[in-house]
Amino acid sequence: MSVELGKVDREWARVLFVRMKDEERASARADEAAQCEQKRRKRVNHAKARRARRAERERLVA
C-alpha cells in the first residue's frame, strides 16, 4: 500500500513538473513574441520617420 501511494505521488509530482515546465516555455515564448513585436514596431516607426524626412526634403527642394 505504501509503495503504491509513493508511486502515485511520484506520478503526480511528474505531472506537476511537466505542467510547470510547459507554463515556463509558454511564458518565454510570449515574452519573445512581445519582444519581436516591439522591435518590428520600432523598425516600422523608424522607416515612417525616414520617409517623412525624405518627403519633407523633397518638398523643400521642389
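Computed from the coordinates by the stated procedures, all read-outs in this text should not be read as laboratory data. These numbers come from a predicted model, not from an experiment. Quick reminder, even Gly has a Cβ in these numbers, built from the backbone with ideal geometry, and neighbours come from all protein chains shown.
As I understand it, the value is the acute angle between the Cα axis of helix 2-61 and the longest principal axis of the Cα atoms of the chain; what does it come to in degrees, rounded to 10? Its long axis makes an angle of about 0 degrees.
For LYS39, the lysines whose Cα comes closer than 19 Å to its Cα, not counting residues fewer than 8 places off in the same chain, are LYS48.
Ordering ASN45, ALA28, ALA55 by Cα displacement along the dipole of the chain toward the positive end leaves ALA55 in first place; charges were set at the Cβ atoms of Lys, Arg (+1) and Asp, Glu (-1).
Note on the chain: Kirkwood hydrodynamic radius from all Cα pairs is 16.3 Å, rounded to one decimal. The charge dipole of the chain, taken about its Cα centre with unit charges on the Cβ atoms of Lys, Arg (+1), Asp and Glu (-1) only, comes to about 1000 debye. Within a straight-line Cα-Cα reach of under 25 Å, LYS21 can be paired with the following lysines, leaving aside sequence neighbours fewer than 8 residues apart in one chain: LYS7.
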